[in-house]
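All of the numbers you see were taken from the coordinates with simple rules; none came from a lab. Remember, it's a predicted structure, so these values are computed and weren't measured experimentally. FYI the Cβ positions are ideal-geometry reconstructions off the backbone, even for glycines, and counts take in every protein chain you see.
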Amino acid sequence: MFLTTDIYKGLTELPTSETVYNTQLEIPEEVLWTGAQVVGKLYRLTENDYPIVVGTEVFETDEDVKNKQHFINLQGHYKSETILGSDGNILRIVFTYQP
């Protein structure tokens, strides 16, 4: 038989909407892009004022995307690096293939 104080104690220890859980068991790794995502980014190249470098290929115009996108491994994974100028604006984005 339970005492009412035991029941009350059990209810007060239940999680509520005010309970916040923050569990992080490992250091997050850098997110990699798939080759397909990189190509998608290239197709939005004209929205940006900076070149995108994939491996050794530089993409600055829509014509570059049409002529050179076949160099990108669509199933591959790429690490991205954003190069900033001294004013804080983006100079270029570099995608490096990760084997």
> For labels at residue 67 and residue 50 in the simple 7 Å Cα→Cβ model, what's the distance in nm?
Replying inline: 2.4
> By how many nm would the segment from residue 98 to residue 29 grow when fully extended, if each residue of separation counts as 0.36 nm and the alpha-carbon distance is taken off?
Replying inline: 23.5 nm
